[in-house]
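Step one of this worksheet: look at the structure below.
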Amino acid sequence: MTLFGDLQHHAIADLLKVLKAQNGTLYFHQAYQGRTLELTLTAGSLRALYIDGFPVRDEREARTVLSQLPARGAFEFQKQAAGAPDPGFYTVNLQALMASPAQAVPAEQLPHPDTRFRASAASGPVPEGLRGDWQVLGPHVQQGRSAAELSPLTGRTVPDLQRTLHHLRAAGLIVPHRAAPPSAATPAQAGPAAPPLVQRLLGALRRLGRRA
């Protein structure tokens with residue numbers, strides 16, 4: 001089975017949530033200096049990284065490459081049975097890596113200052129490196145807040161909050177918040193609500209799995 005799309009429409013954090021229990025190969029086409037990245041995943045963890053077919057065996061170098069993933073570009077995931085791990089590589093939890101405050105975030109991956117986020121109903125444990133941020137921001141995002149709204153409430157700069165919200169989203173602690181439709185709108189005017197992005201990706205993964 002194959003799952004594909006574009007990072008312009010599917011945030012990396014959402015894609016990794018969908019693939020966290022999957023085995024296979026994830027391709028980011030022309031994503032690194034015009035070259036294709038090939039990630040071998042086992043239960044959602046990175047076991048090997050290739051650039052145009054050439055292996056990246058140093059874990060620190062692999063982390064550096066992944067920190068430079070663009071916010072746009074085609075991706076493709078091919079599900080496969082888990083093979084024997086290659087002892088020459090590593091095991092990197094991709095979701096934890098993207099959520100780490102130490103992980104550099106390209107400017108194009110940061111959320112817009114006015115994009116509102118709320119606490120996720122399905123959030124898990126708070127990563128150690130984000131506990132201080134979550135203690136401060138958690139109470140404010142229960143009903144939905146943006147970086148621009150959080151800045152005067154916390155005394156932190158908007159760019160700093162954009163980076164923190166990116167990491168909190170990657171950790172699964174917050175999700176984009178859609179404002180409720182105006183009270184004057186009738187059900188016919190409002191129309192059916194679109195399913196969340198992660199739900200749509202999971203649905204596509206299940207459908208493709210049935211065809212495989």
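The values are calculated or read from the model by the stated rules, or taken from the named source; none is laboratory data. Quantities reported herein were computed from a predicted structural model and do not represent experimental measurements. Heads up, the Cβs are rebuilt from the backbone with ideal geometry, glycines too, and the neighbour counts pull from every protein chain shown. The accessibility values were calculated without ligands, DNA or RNA, using every heavy atom of the protein model including side chains. Shrake-Rupley method; radii C 1.70, N 1.55, O 1.52, S 1.80 Å.
Being at pLDDT 80 or above, surrounded by fewer than 16 Cβ atoms within 10 Å (Cβ to Cβ) and of a type in the set (D, E, K, R) is true for just one of 128, 108. Which residue is that? Checking each option against the conditions leaves just 128. The single condition among (1) out of contact with any Ser or Thr (no Cβ under 7 Å at 6 or more places or on another chain); (2) surrounded by 17 or more Cβ atoms within 10 Å (Cβ to Cβ) that residue 116 does not meet is (1). Within the stretch 28-41, the set of residues being surrounded by fewer than 17 Cβ atoms within 10 Å (Cβ to Cβ) and in contact with a Phe, Trp or Tyr (Cβ under 8 Å, 6 or more places away or on another chain) comprises just one member, 29.
Within the stretch 4-53, the residues that satisfy the criterion of being touching a helix residue (DSSP H, G or I) at 6+ places or on another chain (Cβ under 9 Å), of a type in the set (Val, Ile, Thr) and in contact (Cβ under 8 Å) with a residue 40 or more places away in the chain are 12, 18. The single residue among 44, 73 that is within 18 Å of residue 98 (Cα to Cα), open to solvent by less than 40 Å² (accessible area, probe 1.4 Å) and in contact with a His (Cβ under 8 Å, 6 or more places away or on another chain) turns out to be 73. Using the structure shown, decide if residue 95 is in the same structural domain as residue 44 (by the TED database), closer than 21 Å to residue 162 by Cβ, assigned to a helix (DSSP H, G or I) and of a type outside the set (Val, Ile, Thr). Here the answer is yes, as residue 95 does meet what is asked.
Failed condition for residue 86, given (1) charged (D, E, K, R); (2) more than 20 Å from the chain's Cα centre (by Cα); (3) farther than 30 Å from residue 38 by Cα, with all others met? Residue 86 satisfies every listed condition except (3). Restricting the first member to the stretch 126-153 and to residues that are farther than 20 Å from residue 113 by Cα, and the second to residues that are of a type in the set (A, V, I, L, M) and part of a helix (DSSP H, G or I), the beta-carbon pairs closer than 6 Å and six or more apart or on different chains are 127/99. Residue 95 fulfils the conditions (1) free of Cβ contacts under 8 Å to residues at least 24 places away in the same chain; (2) in contact with a helix residue (DSSP H, G or I) (Cβ under 8 Å, 6 or more places away or on another chain); (3) open to solvent by 20 Å² or more (accessible area, probe 1.4 Å); (4) closer than 16 Å to residue 26 by Cβ except for a single criterion, (1).
When the stretch 54-70 is filtered for residues that are open to solvent by 40 Å² or more (accessible area, probe 1.4 Å) and either within 15 Å of the chain's Cα centre (by Cα) or touching a residue at least 24 places away in the same chain (Cβ under 8 Å) (or both), the ones remaining, listed by number, are 55, 57, 59, 63, 68. With respect to the conditions (1) part of a loop (DSSP other than H, G, I, E, B); (2) at pLDDT 50 or above; (3) not assigned by the TED database to the domain that holds residue 130, residue 185 lacks only one, and its number is (2). Each residue in the stretch 131-141 was checked for being surrounded by 15 or more Cβ atoms within 10 Å (Cβ to Cβ) and among the small types (Gly, Ala, Ser), and 1 pass.
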